[in-house]
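The values are calculated or read from the model by the stated rules, or taken from the named source; none is laboratory data. On a predicted model such as this, the values are computed, not experimentally measured, just so you know. With ideal geometry, Cβ positions are generated from the backbone for all residues, glycine too; neighbour counts draw on all protein chains shown. With ligands, DNA and RNA removed, areas are computed over all heavy atoms of the protein, side chains included. Shrake-Rupley method; radii C 1.70, N 1.55, O 1.52, S 1.80 Å.
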Amino acid sequence: MAARSTREWQAADARHFLHPFTDFQALAAKGARIIERADNIWLWDSEGRKILDAMSGLWCVNVGYGQRELIDAATAQLERLPFYNAFFQTATPPAIELAELLAELTPPSFRHVFFGGSGSEGNDTVVRMVRRYWDLQGQPRRKLIIGRWNGYHGSTMAGASLGGMAGMHAQGGLPIPDIAHIEQPHWFAHGRPAGLSREAFGIEAAGWLQRKILEAGPDRVAAFIGEPVQGAGGVIVPPASYWPEVQRICDRHGVLLVSDEVICGFGRTGAWWGSETMGFRPDLMTFAKGVTSGYVPLGGVMVGERVAKALIEQGGEFEHGYTYSGHPVACAVALANIRLIRREGLVERVAEDVGPYLAERFAELAAHPMVGEVQTCGLMGAIQLVKDKASGAAFAPELGVGMVCRGHCFEQGLIMRAVGDRMIVAPPLVITRAQIDEMVGLIRRCIELTLADARARGWV
Ligand code: PXG
């Protein structure tokens, strides 16, 4: 690629490139940050600045950047067979091998996978598969799929509908029919209800699902979908009581349970699957991101016995699929990625070493006067910035305190996401304790700078 100056890249970008989830005019005025290369947990921008990537790209680069085995696997597969499809009774060796390996890595009830190219496509597959399942059961009235407000399941029509992002629903006539939402199990956002322990709150939050099922009529409810730990919504770790109770409610009403593992899968929570960490047994699991550590796009759905049996034994043709379902290069990279995760013991490392260490270091941040709560699960963490520590009172949203903090992060060479005033991290699973120290040091400095700004502007 021809070398250009940052300004030249920015000008060409503003002229031609419509970025996802972006205010185009605001971006053009400011100029995009151009990321040119990466290694391990570090990025370098076009000005040569080194940045600690505490978001693993976009929650995906689990093995870190620059892993030679993944690069070699892609190169070898590109040379041997860059593409062939999985339609019309054909298959390629990497796709078959990956299907086999995923069956091995998932709980025993999962022996089948449906491949797509992304998490959104995976969730579109979920909608079609769940409704197909109930048709095959002779219960075509069971169409309703229940998700949660502030859940995120992607940006296609079905993905955005299942998700509960109000801003997305407001654009383009969403949700599609037969999707409903319940409130999220977010203790802090529910005002830390007095007299209710977190665990009691978890049971109450699961009860909202029961109420919705009864309201709709259990014979109309097809499935419930949720992220084990909400990611894009702000790393919201539910109370331990929540998911087992959701499981009991789904079982009671025969409702399929879908775990969206797009962020939580492949070790992020300290187990291969977030549903294992949270103690529930889903019927379907959506995955993407960490399956290839983001090196190339791949996603799909793990299909449990109950649904697989119906599709295979009763189904005939399932009229659904993507050109890139089982893409050989993506599958070859996934195989190399998973083998590396296994060999290096990265999942165990998150569970036993760096995950607990992140929790320990984040617990220290909780004492800061501007921090209302911290939460971690494996290698995901959230820091809730508040106006008043004692009461937990939030800043007025229009002040954009989270964005102010994020601005300081960029200046200090740290990428951390802001979801409202909740600052979140999800670093690569290869991060070391020393690097966690460095990250937490930067986070502390950015929170200090944000507090200084808030004081100067009279916000606190
Ligand atoms: N499910 C979950 C749980 C996700 O986090 C998707 C589905 C959709 O995946 P694709 O591959 O179609 O993007 C996601 C994606 C953010 C952010 O700002 C998060 C995602 C995507 C973009 C931004 O945190 N997650």
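Those residues that are open to solvent by 20 Å² or more (accessible area, probe 1.4 Å) and in contact with a strand residue (DSSP E or B) (Cβ under 7 Å, 6 or more places away or on another chain), I need them from the stretch 60-72; list them, please.
Tyr65, Gly66
Considering only helices (runs of 4 or more DSSP H) fully contained in the stretch 109-187, which possess at least 2 residues that are open to solvent by less than 10 Å² (accessible area, probe 1.4 Å)? Before you say what the answer is, go through the steps one by one.
Details: elements: 119-136, 157-162, 166-169.
In the stretch 109-187, 119-136, 157-162 are the helices (runs of 4 or more DSSP H) which contain 2 or more residues that are open to solvent by less than 10 Å² (accessible area, probe 1.4 Å).
Would you mention how many residues in the stretch 390-441 are of a type in the set (A, V, I, L, M) and touching a Ser or Thr at 6+ places or on another chain (Cβ under 7 Å)? First the steps, then the outcome.
Step one: list which residues in the stretch 390-441 are of a type in the set (A, V, I, L, M), which gives 390, 393-394, 396, 399, 401, 403-404, 414-416, 418-419, 423-426, 429-431, 434, 436, 439-440.
Of the ones still in play, those that are also touching a Ser or Thr at 6+ places or on another chain (Cβ under 7 Å) are 401, 404, 426.
The qualifying residues number 3.
Quickly run through the stretch 190-202 and pick out the residues that are at negative phi and either buried (at least 18 other Cβ atoms within 10 Å of the Cβ) or charged (D, E, K, R) (or both).
Arg198, Glu199, Phe201, Gly202
Among all residue pairs at least 6 apart or on different chains, which show Cβ distances below 6 Å where the first residue, located in the stretch 110-124, is closer than 15 Å to His327 by Cβ and hydroxyl-bearing (Ser, Thr, Tyr) and the second is within 9 Å of the ligand (Cβ to nearest atom) and not in a strand (DSSP E or B)?
From the stretch 110-124, the pairs are Ser118/Ala288; Ser118/Pro297.
Within the group Ile213, Ile225, which residue is open to solvent by less than 40 Å² (accessible area, probe 1.4 Å) and more than 24 Å from the chain's Cα centre (by Cα)?
The unique qualifying residue is Ile213.
What pairs come up if the first residue lies in the stretch 378-396 and is among the aromatic types (Phe, Trp, Tyr), the second is open to solvent by less than 10 Å² (accessible area, probe 1.4 Å), and their beta carbons are under 6 Å apart, counting only those six or more places apart or on different chains?
Phe395/Val401
One residue is enough: does the stretch 170-190 have a residue meeting the conditions of a type in the set (Gly, Ala, Ser), within 16 Å of the ligand (Cβ to nearest atom) and modelled with pLDDT of 95 or more?
So far as the stretch 170-190 goes, no, none of its residues is of a type in the set (Gly, Ala, Ser), within 16 Å of the ligand (Cβ to nearest atom) and modelled with pLDDT of 95 or more.
Here are Gly265, Gly290: which of them is in contact (Cβ under 8 Å) with a residue 60 or more places away in the chain and either open to solvent by less than 30 Å² (accessible area, probe 1.4 Å) or of a type outside the set (Gly, Ala, Ser) (or both)? First the steps, then the outcome.
Details: Gly265 fails: in contact (Cβ under 8 Å) with a residue 60 or more places away in the chain.
Only one candidate qualifies: Gly290.
From (1) open to solvent by 40 Å² or more (accessible area, probe 1.4 Å); (2) farther than 18 Å from Asp260 by Cβ; (3) under 27 Å from the mean Cα position of the chain (by Cα), pick out the condition that doesn't hold for Gly321.
Among (1) open to solvent by 40 Å² or more (accessible area, probe 1.4 Å); (2) farther than 18 Å from Asp260 by Cβ; (3) under 27 Å from the mean Cα position of the chain (by Cα), Gly321 violates only (1).
Quick one: in the stretch 41-59, of everything that is without any contact (Cβ under 8 Å) to a residue 60 or more places away in the chain and open to solvent by 50 Å² or more (accessible area, probe 1.4 Å), which residue is nearest to Gln435 (Cα to Cα)?
Gly48
I want to confirm something. Restricting to the stretch 233-265 and keeping residues that are over 19 Å from Ala180 (Cα atoms) and hydrophobic (A, V, I, L, M, F, W, C), which single residue is farthest from the ligand (Cβ to nearest atom)?
Ala240
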